[in-house]
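A.B. asks: Once you've had a glance at the structure underneath, I'll fire off some questions.
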Amino acid sequence: MAAPDPRRKNERIAFPVPLHIRKPVAMDGKGVDIAAGGLGVDLPQAIAEGSAVELDLPDGGAPLAGTVRMVRPLPGGGFRLGIQFLQEDGAIVARARALHSA
């Protein structure tokens, strides 16, 4: 197991599951990692840093809201986004663990 990243307040867990961006534009993507405070996601299109986003996880639970804090192009095409949730919530990690183990 890798050492915790000292820049991060919350431990991130692997989260390779499909998800759907609802706002500001509808598109499907794939999770990379998740924590109580945010999510890493790969998308086919960039969303500008500072944009408000709303996304659905495949469990049918409540949508998650956040703000894009990082956008990087991926070598094979598409973009990696870092999304900070509007509110930290440990229940998000529980949802993620349930989805990842399903």
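A.B. asks: Restricting to region 43-72, name every residue that is among the small types (G, A, S) and modelled with pLDDT of 95 or more.
C.D. replies: A46, A48, G50, S51, A52, A65, G66
A.B. asks: Return the total of residues in region 25-74 being in contact with a strand residue (DSSP E or B) (Cβ under 9 Å, 6 or more places away or on another chain), in a loop (DSSP other than H, G, I, E, B) and of a type outside the set (A, V, I, L, M, F, W, C).
C.D. replies: 8
A.B. asks: Applying the selection to region 58-98, what residues are surrounded by 15 or more Cβ atoms within 10 Å (Cβ to Cβ) and touching a helix residue (DSSP H, G or I) at 6+ places or on another chain (Cβ under 8 Å)?
C.D. replies: Within region 58-98, L64, F85 qualify.
The values are calculated or read from the model by the stated rules, or taken from the named source; none is laboratory data. This one's a predicted model, so the numbers in the text were calculated from it and none came from an experiment. Methodologically, a virtual Cβ is constructed for each residue, glycine included, from the backbone with ideal geometry; neighbour enumeration extends over all protein chains shown.
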